[in-house]
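Read-outs: derived from the displayed coordinates by stated rules, not from any lab. The model shown is predicted, which means the values in this text are computed figures rather than measured ones. Backbone-built Cβ (ideal geometry, glycine too); neighbour counts: all protein chains shown.
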Amino acid sequence: MCYGRCIKFVGYKLLILAVLCIIANILLYFPNGEIRHNHLSRYVGCLHGIIGGGILVLIPAFVLIGLENEGCFHGCFPHEHHGRNCALLASVVVAAVGILGAGYCFIISALALAERPYCCCTDDHTGCCPCYSPGGYPCHEPRCFVTWNVTLFAILLVLSGIEIIICTIHIIRGCLGGACDVCHVHKETCPC
């Protein structure tokens, strides 16, 4: 397996996705690009894109990028396969952390999409509620607020779903890579 050469691409993909999650979550605090709106969705404050899909996914991203050099697999271990197996184990563990963070972002985004966002539904701005009518969302202020929320929560849902898939594939590849190394150490035939 070209594990050492391919691992940096996984890290860079996770890095880009995590940064996009952080940006999308920050934009949720400024509905329609305005800073004066006080009625945010209750799920915006969960920081699911910043902490879950962002920081907790940045951890495996940086670890995987740091493991890209083949030298990190050998290290100071008496046998070259021991260093490689420890690096594989570390990458699998941090990928599991990434799954937890991305899972948190995914669940909160799904819950936020299921609950309609709050907006002012009356012309005198006295009633703020999760409004919906068959023809669309009758929000009087801020304009396009519901579209803003739904779009950003949907983006966070998709990004965190991709992060979960990438981390899961990485865990599977890491486990298979470790199994192959054990087979090669014992000079057995490996099915990989």
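The simple Förster model, with R0 at 22 Å and r as the Cβ-Cβ distance, assigns Tyr12 and Ala110 a FRET efficiency of 0.25. Close amide H contacts of Leu67 (hydrogens built in the peptide plane, cut-off under 5 Å, sequence separation of 5 or more or a different chain): none are found.
Ordering Phe9, Phe62, Phe153, Phe106 from the fewest to the most neighbouring beta carbons within 10 Å gives Phe9, Phe62, Phe106, Phe153.
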